[in-house]
Amino acid sequence: MEAAVYNIKGEDTGRKVELNDEVFGRNLEQGNAEHTIYLDVKQYLANQRQGTHKSKERSEVSGSTRKLGRQKGGGGARRGDINSPLLRGGGTVFGPRPRDYRSKLNKKQKALARRIALTSKNADQQIIVVENFTFDAPKTKSYLQLAKNFKLDQKKVLLVLPESDLNVQLSVRNVPNALSMRAIDLNAYSVLNNDAILLTEGSVEVLNQF
């Protein structure tokens, strides 16, 4: 499979780049593609959670431990001290506790999910290959002009680089609907969570090996 290569002005250079069919042209009806994507996205989002949520329980609330009323005959619940969950300002029953949400997923499954996601985007014609480029200085204006050249300035865009490029990454960082990422760090969620993907030629070479 081949794809046209464009320059940063949005013009077709007349050159073609080879896209690995195993990565960009898989048969999505084979196997359980949707479930594989589900597992990978679920794991990725779970790993982003800090898990620091906490509410105070009865023993942690500040208040007197004196029993407010007698055990029986009061006509109400046996609520004990003022820290009871039955009273306003009391402890929380079964509230959230700090926990680790991280989970593991087989490397082969993660790689497969990434291929399925790239194939899906390619099938929807949402992948654009751009010749390798860099910016002379970190300027948001430089990226905005690039996006405008491809009529992507109003869309959510993922820019994939073959390796770290500080000027490009800093130029993209302040744009709310744009994200830059190294090809080696690509994952299914990042691929699917965008309207369009700009792949540099160098990043295509890396992805073809995935």
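The values are calculated or read from the model by the stated rules, or taken from the named source; none is laboratory data. In this text the structure is predicted, and so the values were computed from the model without any measurement. As a convention, Cβ positions derive from the backbone with ideal geometry for all residues, glycine included, and neighbour counts pool all protein chains shown. Keep in mind that these areas ignore ligands, DNA and RNA; they rest on the heavy atoms of the full protein, side chains included. Shrake-Rupley method; radii C 1.70, N 1.55, O 1.52, S 1.80 Å.
Yes/no matrix, rows are residues, columns are (1) among the acidic types (Asp, Glu); (2) under 20 Å from the mean Cα position of the chain (by Cα); (3) at pLDDT 95 or above:
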position: MET1; (1), (2), (3): no, no, no
position: GLY10; (1), (2), (3): no, no, no
position: THR13; (1), (2), (3): no, no, no
position: VAL17; (1), (2), (3): no, no, no
position: GLY25; (1), (2), (3): no, no, no
position: HIS53; (1), (2), (3): no, no, yes
position: ASP81; (1), (2), (3): yes, no, no
position: TYR101; (1), (2), (3): no, yes, yes
position: ALA117; (1), (2), (3): no, yes, yes
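Hey, ASN132 hits all of (1) under 17 Å from TYR6 (Cβ atoms); (2) touching a residue at least 40 places away in the same chain (Cβ under 8 Å); (3) open to solvent by less than 30 Å² (accessible area, probe 1.4 Å) but one; which does it fall short on?
(3)
Please list, ordered by first then second residue, the pairs with beta carbon atoms under 6 Å, 6 or more apart or interchain, first in region 59-72 and in contact (Cβ under 8 Å) with a residue 24 or more places away in the chain, second hydrophobic (A, V, I, L, M, F, W, C) and assigned to a loop (DSSP other than H, G, I, E, B).
GLY63/ILE82
Please find, within region 189-208, the residue that is most open to solvent (accessible area, probe 1.4 Å) out of those that are charged (D, E, K, R) and in a helix (DSSP H, G or I).
Within region 189-208, the match that is most open to solvent (accessible area, probe 1.4 Å) is GLU205.
Output the residues belonging to region 88-99 that are more than 32 Å from the chain's Cα centre (by Cα) and either open to solvent by 40 Å² or more (accessible area, probe 1.4 Å) or within 14 Å of HIS53 (Cα to Cα) (or both).
ARG88, GLY89, THR92, VAL93
Would you mind finding the one in SER103, SER84 that is open to solvent by less than 70 Å² (accessible area, probe 1.4 Å), touching a residue at least 40 places away in the same chain (Cβ under 8 Å), among the hydroxyl-bearing types (Ser, Thr, Tyr) and not in a helix (DSSP H, G or I)?
Criteria check complete, one pass: SER103.
List pairs: first residue in region 179-190 and more than 19 Å from ASN122 (Cβ to Cβ), second residue assigned to a strand (DSSP E or B) and modelled with pLDDT of 95 or more anywhere in the structure, Cβ distance under 7 angstrom, at least six positions apart or on different chains.
From region 179-190, the pairs are SER180/LEU159; SER180/LEU161; ARG182/LEU161.
Among the candidates LYS56, LYS42, LYS67, LYS72, which residue alone is charged (D, E, K, R) and under 30 Å from ASN122 (Cα atoms)?
That would be LYS42, the only listed residue that is charged (D, E, K, R) and under 30 Å from ASN122 (Cα atoms).
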